1. Identify, by number, the condition in (1) out of contact with any helix residue (DSSP H, G or I) (no Cβ under 8 Å at 6 or more places or on another chain); (2) in a helix (DSSP H, G or I); (3) buried (at least 17 other Cβ atoms within 10 Å of the Cβ) that residue 198 doesn't meet.
2. Residues that are touching a residue at least 40 places away in the same chain (Cβ under 8 Å) and in contact with a strand residue (DSSP E or B) (Cβ under 9 Å, 6 or more places away or on another chain): find the helices (runs of 4 or more DSSP H) completely inside segment 2-72 holding 1 or more of those.
3. Find the residue count for segment 128-146, including only residues that are surrounded by fewer than 19 Cβ atoms within 10 Å (Cβ to Cβ) and either assigned to a loop (DSSP other than H, G, I, E, B) or in contact (Cβ under 8 Å) with a residue 24 or more places away in the chain (or both).
4. In this structure, is residue 32 over 24 Å from the mean Cα position of the chain (by Cα), at pLDDT 90 or above and surrounded by fewer than 16 Cβ atoms within 10 Å (Cβ to Cβ)?
5. Taking segment 225-239 only, how many residues are surrounded by fewer than 19 Cβ atoms within 10 Å (Cβ to Cβ), modelled with pLDDT of 90 or more and in a helix (DSSP H, G or I)?
6. Got at least one residue in segment 207-219 being more than 23 Å from residue 117 (Cβ to Cβ), in a loop (DSSP other than H, G, I, E, B) and under 26 Å from the mean Cα position of the chain (by Cα)?
7. For segment 252-261, does any single residue satisfy the condition of being in contact with a strand residue (DSSP E or B) (Cβ under 8 Å, 6 or more places away or on another chain), crowded, with 21+ Cβ neighbours inside 10 Å and under 30 Å from residue 43 (Cα atoms)?
8. Anything in segment 202-213 that is under 14 Å from residue 285 (Cβ atoms) and surrounded by fewer than 17 Cβ atoms within 10 Å (Cβ to Cβ)? List them, or say none.
């Protein structure tokens with residue numbers, strides 16, 4: 001009984017925080033999505049599903065939806081593949097200090113605020129004329145100057161490359177921890193059977209990382225659907241032909257630039273439903289055995 005009281009005392013502050021900062025804003029956004037809401041107006045009329053109906057006629061909404069889908073699926077796929085591969089390479093080092101050193105190196109970009117790193121990349125690395133990346137390309141004989149953040153065909157891939165650099169450290173650490181948790185006797189038994197490194201990775205490491213892989217996939221999908229800073233800081237006016245417009249940026253644009261918070265809330269509800277559906281799909285696809 002005492003243990004239950006202690007658990008309740010510990011959980012109550014977390015539940016209050018969850019209710020105030022998560023549940024209430026979701027409910028509030030859902031209510032506002034049915035209003036012609038503008039904080040500058042004295043009255044905000046009820047418009048029913050008009051805000052949702054407007055989305056199906058809004059070409060910018062479809063552009064934002066498409067760009068978000070491309071960004072999320074490409075970035076998440078590359079993020080998981082690269083972070084798992086790098087974590088596996090790090091695991092080959094026998095020294096804990098060496099493994100810790102490489103984890104620290106890859107994790108360092110994730111420590112810096114994304115707004116700050118976005119400014120650095122947009123002002124120092126990606127500029128067309130004197131950006132470090134174009135200077136490097138010219139130094140190795142590539143004379144053409146690439147407009148990394150201005151060309152609609154390249155812009156999204158530039159943002160994806162930046163996002164991978166700044167975010168991949170989290171998953172490397174998580175996958176490294178998962179690999180370190182796999183019992184060594186499993187690998188020793190495979191070595192006695194003459195298994196190659198690739199065979200051990202494919203048939204032992206990947207299957208036994210099921211729970212880690214599930215967690216990493218879910219959290220990466222959710223976080224990438226909600227990414228905003230790099231699209232707001234690095235890209236000027238959403239890029240040429242709205243090539244850098246994503247859902248989060250469009251929600252901000254409608255809410256705080258055009259003061260159409262009812263419509264912005266409707267878009268936010270659609271984004272919430274999309275994330276929720278993908279989370280459910282991932283849960284069903286990643287049912288794993290929690291025992292070795």
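The values are calculated or read from the model by the stated rules, or taken from the named source; none is laboratory data. The model shown is predicted, which means the values in this text are computed figures rather than measured ones. Quick reminder, even Gly has a Cβ in these numbers, built from the backbone with ideal geometry, and neighbours come from all protein chains shown.
1. (3)
2. 50-55
3. 10
4. no
5. Residues that pass the stated criteria total 3.
6. Yes, segment 207-219 contains a residue that is more than 23 Å from residue 117 (Cβ to Cβ), in a loop (DSSP other than H, G, I, E, B) and under 26 Å from the mean Cα position of the chain (by Cα).
7. no
8. Across segment 202-213, the qualifying residues are 210, 211.
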